[in-house]
Amino acid sequence: MTPILADPMLPRLYRLQRVHQEIPHTFTLELAPEDGEAIPPFHLGQFNMLSVFGVGEIPLSISGNPAKPQHLVHTIRAVGSVSRALQRFKKGEVLGVRGPFGSHWPLEQATGKDLIIAAGGLGLAPLRSVMYQVIAERARYGKVIMLYGTRTPADILYRRELERWRGHLDLEVSVTVDRAPDDWRGSVGVVTRLIARASFDPARAMAFVCGPEIMMRFTASSLTACGVAEDQIYLSLERNMKCALGFCGHCQYREYFVCRDGPIFPYGSIRELLREEEI
Amino acid sequence: MTQTLTPILAAHPFFHGFDARTLDLVAGCARNVQFEREHYLFHEGEAANAFYLIRSGKVALETSAAPHRPVIIETIEPNEVLGWSWLFPPYRWHFTARAIEPVHALLLDGACLRAKGEADHDLGYELVRRAAQILMQRLQATRLQLLDMYYVDTD
């Protein structure tokens, strides 16, 4: 008998288990299904639609550990009405979740290759899941290089995890900030400066890039200048996803629907679109 | 026995591809230097008589932000070049450079190199061309910094 598939437009109820304050205006929610069942399996880089009843619904990338499926984890910056409402949520309160949706980071294609994971600002959130997976199966990859750029030392997301990853002898983790007070001992400069400093074989490298679009554009450009092939660079786009199923058109990006064809795109397929305004 | 600096120069990206004769010429203007943490390599406004090929460690380029504490504008790290004010009048440093980690570097005497570049225009052209390439890369990076691209309005 064919099972009845759940309606993808119907939110499933989740209860808030924990809140972590990360950096100013940015927090992480750990959610568990109210029915006590497991969270649905997700691919790295996919997103969910989180709804606060009576307020609205927003797309959020999954930033949790795929090996720990007890909780759904999302890191959120409070910038709009829904994200601000989520910031006020207390343990035990209930919200709606649809998903997971969208394409994923093609980590399965990175086997045997050097892997460059480049994040800017809050773009580290969707790549944290990748880091968990890569560390869990470290032997599958060549060099693993994590490059992270953000505004100031106070804006470094997941600082403890970055420090822990940096402690791995088989990971190269570099963090840079745009500006810093004189007691900062780390790097200062944009994230693209880290690419030239990293040691990898561009002929056998794959890169995952996530951050503000302008950061991704220049990072991808720097990677190709170093010799990384365009079809080996993947970016995660963010648009106004509403239905998350490719029906409503709110997230249309020329011939693509970001919710259905993305959010993860090969750089080569969107390189020209990234330079165009207002699409 | 005195060890020549030519192999160290040859290994630094700034001098990749220079022939042995030219490297020997440049090595005549070079010397090894070390700086402890918190040592100042130079201060804003001082005469710019040299540039540095960083071999290890990290240098902060900073400027005074009085009445606040100084602000670090960028860091210069291994295999990178620190300083181009030696190439252009009035030969004064525009920023202050401070070692934030112990630094090993090659110091190249600016006046010495300028004189050799005047005498050998092929060398002079190549030095200016490479310096211009670094200037261009730093300019692009500075433009991105000015964009404040990670900023999200939370108001």
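Where a number appears in this text, it was derived from the coordinates with a stated rule and is not lab data. The structure displayed is predicted, hence computed values, not measured ones. Note that we place each Cβ from the backbone using ideal geometry, even for glycine, and neighbour counts take in every protein chain shown.
The alpha-carbon positions of the range A:53-176 define a convex hull whose volume is 126 Å³ per residue. Overall dimensions of the range A:12-101, expressed as equivalent-ellipsoid semi-axes from the Cα gyration tensor (√(5λ), whole Å, largest first), are 18, 14, 13. Fewest-first ordering of B:H68, A:H104, B:H94 by other beta carbons within 10 Å of each residue's beta carbon gives B:H68, B:H94, A:H104. Look at B:W84, B:W93 and count the other Cβ atoms within 10 Å of each Cβ; fewest to most, that gives B:W84, B:W93. Cβ crowding within 10 Å ranks A:L127, B:L127 as B:L127, A:L127, fewest other Cβ atoms first. Students often forget the sequence filter, so: which aspartates and glutamates lie under 19 Å Cα-Cα from B:K116 once same-chain residues fewer than 8 apart are removed? Cα-Cα hits under 19 Å: B:D19, B:D24, B:E126. Straight-line cross-link reach from A:K143 at under 19 Å between alpha-carbon atoms covers these lysines, not counting any fewer than eight positions away in the same chain: A:K113. Taking every residue in B:91-103 and counting other chain Cβ atoms within 10 Å of its Cβ, the average works out to 1. Excluding A:T75 itself, what net charge comes from residues whose Cβ is under 12 Å from its Cβ, given Lys and Arg +1 and Asp and Glu -1? Within the 12 Å Cβ shell, the charges total -1. Centre-to-centre separation between the Cα atoms of the range A:98-138 and those of the range B:9-63: 38 Å. Quick check: net charge around A:L16, other residues with Cβ under 12 Å of its Cβ, Lys/Arg +1 and Asp/Glu -1? That works out to +2. Across chain A, the relative contact order, built from alpha-carbon pairs under 8 Å that are at least six residues apart, equals 17 percent.
Between the range B:84-149 and the range A:1-80, what is the separation of their alpha carbon centroids in Å? When both Cα centres are located, 50 Å separates them. For the segment A:140-152, counting C-beta atoms of other chains within 10 Å of every residue's C-beta and taking the mean gives 1.
Calculate I(q)/I(0) for the range A:107-274 by the Debye formula, one identical point scatterer on each C-alpha and no solvent, and give its log10 at q = 0.11, 0.14, 0.20 Å⁻¹ to two decimals. Debye output, listed in q order: -0.45, -0.72, -1.34.
Karplus-based coupling profile of the range A:191-208, in residue order and whole Hz: 5, 5, 4, 6, 5, 5, 7, 6, 10, 8, 9, x, 6, 10, 10, 10, 10, 10, with θ = phi - 60° in 6.51 cos²θ - 1.76 cosθ + 1.60 and x standing for Gly or Pro. Across the range B:10-148, the relative contact order, built from alpha-carbon pairs under 8 Å that are at least six residues apart, equals 30 percent.
Label zone (A:A225, point 7 Å along Cα-to-C-beta; backbone nitrogen cut-off 16 Å) within the range B:117-148: B:130-147.
For A:E34 and B:Q140, the FRET efficiency from 1/(1 + (r/R0)^6), where r spans their Cβ atoms and R0 equals 60 Å, is about 0.75. Its Kirkwood hydrodynamic radius, worked out from the mean inverse distance over all distinct Cα pairs, puts the range B:51-104 at 11.8 Å.
Working note: 222 nm ellipticity from helices only, DSSP H runs with n ≥ 4, each -39,500 (n - 2.57), summed and divided by the residues of chain A, gives -6000 deg cm²/dmol to the nearest 500.
Relative to the compact-globule estimate of 2.2 N^0.38 Å, the Cα radius of gyration of the range A:193-279 comes out at 1.16. Amide H contacts of A:Y253 (H built 1.01 Å from N, in plane; Pro and chain starts excluded): A:V258 sit under 5 Å, all sequence-distant by 5 or more or on other chains. Summary value for the range A:1-97: 35 percent relative contact order, contacts being C-alpha pairs under 8 angstrom separated by 6+ residues. What the phi angles of the range B:98-107 give under the Karplus curve with 6.51, -1.76 and 1.60, with θ = phi - 60°, is a coupling list of 10, 6, 9, 9, x, 10, 10, 8, 9, 9 Hz, glycine and proline written as x.
In this simple spin-label model, placing a label point 7 Å from the Cα along the Cα-to-Cβ direction at both A:E137 and B:A20 gives a separation of 5.1 nm. Model label points for A:H20 and B:Q133, set 7 angstrom from Cα along the Cα-to-Cβ axis, are 4.3 nm apart.
In order along the range A:74-89, the Karplus-derived 3J(HN,Hα) couplings, from 6.51 cos²θ - 1.76 cosθ + 1.60 at θ = phi - 60°, round to 9, 9, 9, 9, 7, 10, x, 5, 6, 5, 5, 5, 5, 5, 8, 5 Hz, and Gly and Pro are given as x. Residue separation of B:C112 and B:R31 scaled by 0.36 nm, minus their Cα-Cα distance, works out to 28.0 nm of gained length. A cut-off of 5 Å between modelled amide H atoms, ignoring neighbours fewer than 5 places along the same chain, links A:V79 with A:R84. Counting Cβ atoms of other protein chains within 10 Å of each Cβ in A:101-114 and taking the mean gives 0. For the range A:23-110, GluC sites (Glu not before Pro) are listed when DSSP marks them as loop and at most 11 other Cβ atoms sit within 10 Å of their Cβ; the list is A:E37. For the pair A:L245 and B:E44, what calculated FRET efficiency results from E = 1/(1 + (r/R0)^6), where r is the Cβ-Cβ distance and R0 = 60 Å, to the nearest 0.05? Efficiency, rounded to the nearest 0.05: 0.55. Altogether, the Stokes-Einstein calculation at 10 °C and 1.306 mPa s, with the Kirkwood radius of the range B:6-143 over Cα pairs as Rh, returns a diffusion coefficient of 103 µm²/s.
I want to verify the translational diffusion coefficient of the protein assembly as shown in µm²/s; compute it with Stokes-Einstein, Rh as the Kirkwood radius over Cα pairs, at 20 °C and 1.002 mPa s. After rounding, the answer is 90 µm²/s. Annotation for A:Q109 and B:T4: the two label points, set 7 Å from Cα along the Cα-Cβ direction, are 4.9 nm apart.
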